[in-house]
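Asks: Below you'll find the structure I mean.
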Amino acid sequence: MTVSFDFIRSKDYITQPIVSIITPVSNNEKTIKHTIESVLQQSIMPQIEYILIDDGSRDQSREILKAMVKEHSNLKVIFLKKSTGTPAYPRNLGIILSNAPYLTFLDPDDWLESTGLEKLYTILQETGDDYAIGRTIKVTSNEMVITAEHESFKERRSIAPTSIPHIFNHLAPRARMIKSSIIKDNIIQFPEMKYAQEKQFFLEVLTKCKRLSTTDAVIYYLNRRDDNRNSLAKQINPLIKMNCNKKVIQYFHQQELDPTLRKMIFNRLYEVDSFNSFMNKYYTIRSDNHSSIQEKLRIA
């Protein structure tokens, strides 16, 4: 897919950022200003390049972005001329347009701890590692809880990804910083699917990382409040999810992987998605041989 776009940035736009942040925007008028402000309040400002890609918003998101880019030299705003319907294309475009040696992602309804990016950046500078990940706090209407705790329950430095038993269980953009060269040199992209694009992307990134670090410092706040109903995953038909999961499995079957990595990746894909895989097979068989399935059920 190729989508034309316009972009806006200030005349004094930052030329040598140390970190690029990428945010896809799609009808996020209620949350996007808070998200942007959490970046502007980062302790390593003004060394951050913040790239926001609007995916055809029909609410006031574009007007908010146009107003804020005029006031801040760190913002680059891209307006896609038609909606792609998935954050994959905006994120891939953001990667192409980024200029910093490190990349991180921020969803348009979430926000960052004020010292979060500095903590990850400092770790990567001190270790030379490819990847650093910290703590995410899930915010609901009733409580704040740590999510994906195995990634961030202690300080680790310069270890192999395979040394963390459940490193592949949570594959989301939050609370992680990556060397840009890992992504760009290996031409890693988010697949343009409505679901599971993050899973494939971060699995592939981790296969290319030799060493990573983790921290128990809070980096990221995940918005799961009752009034936040803009999540794309909540709007997707279960059958579409099943088919997307199947594509991810097929993709990694075609890759040449270290045996340990291969075992961990497929344990994750089949363990976490086993129910979806089973249901996908069931629906395929049922559509091909409906009467046969019915007969077997009657016998059972």
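Every number in this text was worked out from the coordinates using simple rules, so none of it is lab data. What you see is a predicted model, and the numbers here were worked out from it, not measured in a lab. No Cβ is skipped: glycine too gets one built from the backbone with ideal geometry, and neighbour counts run over all protein chains shown.
Asks: Long-range amide H contacts for Glu192: which residues qualify at under 5 Å (H placed 1.01 Å from N, peptide plane, sequence gap of 5 or more or a different chain)?
Replies: none
Asks: A further question on this structure: May I ask you to order 260-270, 6-16, 98-108 by the average number of other C-beta atoms within 10 Å around their residues, highest value first?
Replies: Highest to lowest by the protection proxy: 98-108, 260-270, 6-16.
Asks: Tell me the Kirkwood radius of the chain: reciprocal of the mean inverse pair distance over distinct alpha-carbon atoms, in Å.
Replies: Mean inverse Cα-Cα distance, inverted, gives 20.3 Å.
Asks: Describe numerically, in nm with one decimal, the distance between label points set 7 Å from Cα along Cα→Cβ at Ser114 and at Ile240.
Replies: Output for this residue pair reads 4.0 nm.
Asks: Which value, in debye to the nearest 20, describes the size of the charge dipole of the chain about its Cα centre when Lys and Arg Cβ atoms bear +1, Asp and Glu Cβ atoms bear -1, and nothing else is charged?
Replies: 720
Asks: Report, by chain and number, residues whose modeled amide H sits under 5 Å from the one on Val25, excluding near sequence neighbours (fewer than 5 apart, same chain).
Replies: Long-range HN contacts for Val25: Ile53, Asp54, Asp55.
Asks: What is the spin-label model distance, in nm, from Ala67 to Asn267 if the labels are put 7 Å beyond Cα along the C-beta direction?
Replies: My value for the distance between the label points is 5.1 nm.
Asks: Okay, next question. Explain nothing, just compute: Karplus ³J(HN,Hα) = 6.51 cos²θ - 1.76 cosθ + 1.60, θ = phi - 60°, for every residue of the range 165-176 in order, whole Hz, x for Gly and Pro.
Replies: Values per residue, Gly and Pro as x: x, 10, 4, 8, 7, 10, 10, 10, x, 6, 6, 9 Hz.
Asks: List the lysines whose alpha-carbon lies under 20 Å from that of Lys82, not counting same-chain residues fewer than 8 positions away?
Replies: Lys66, Lys194
Asks: Can I ask one more? Using a Cα-Cα cut-off of under 16 Å, which aspartates and glutamates could be cross-linked to Lys119, ignoring same-chain neighbours fewer than 8 residues away?
Replies: Counting by Cα, and skipping residues close in sequence, Lys119 has these aspartates and glutamates nearby: Asp129, Asp130, Glu151, Glu155, Asp216.
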